[in-house]
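Contents: one structure, followed by commentary.
Bear in mind that the values in this text are calculations on the coordinates, not laboratory data. Remember, it's a predicted structure, so these values are computed and weren't measured experimentally. Cβ placement follows ideal geometry from the backbone for every residue including glycine, while neighbour counts extend to all protein chains displayed.
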Amino acid sequence: MEQTGGEIQALSREKPVLVVVEEAHWSDASTLAMIEACLDKIVKERVMILITGRPTFQHGFGGHPMVSKLTLNRLGSKQIEGVLAKITIGKTLPEELGR
């Protein structure tokens, strides 16, 4: 675990690093401990760790001062239609896909 934080730290000295952990609500204890260990090593480095999880996922990561929590709401129907229109470049999709 310590090694991972050190590797990220070394990489960040060459260029900024983005670490993405998706669906953290499925993470085991060792993965969460690794993230916590990384936080202490990267506090002064050019690193951003983005962690996604369900609203029920609760983890303070040791109350680390550099951690910010941002809650996002679901997109509304109009917003979803706008995203789909951009992705499909105006092509019509079957109605079932838009639900």
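Relative to the dominant Cα principal axis of the chain, helix 29-41 is inclined by about 70°. Along the chain, the longest continuous region that contains none of the GluC sites (Glu not before Pro) in a DSSP loop with at most 12 other C-beta atoms within 10 Å is 24-99. The residue among Q58, W26, C38 whose Cα reaches farthest toward the positive pole of the charge dipole of the stretch 1-75, with charges on the beta-carbon of Lys, Arg, Asp and Glu, is Q58.
Mind giving me the FRET efficiency for E95 and V21? R0 is 30 Å, r the Cβ-Cβ distance, nearest 0.05 is fine. Numbers along the way, then the final one.
On the way: r = 35 Å, r/R0 = 1.15.
Once rounded, the FRET efficiency stands at 0.30.
Apply 1/(1 + (r/R0)^6) to the Cβ-Cβ distance of D28 and M48, taking R0 = 35 Å, and write down the FRET efficiency to the nearest 0.05. Intermediate results must be reported in sequence, preceding the final value.
Numbers: r = 23 Å, r/R0 = 0.65.
It comes out at approximately 0.95.
Close lysine pairs were tallied over the chain: pairs 8 or more places apart or on different chains with Cα atoms under 28 Å apart number 8.
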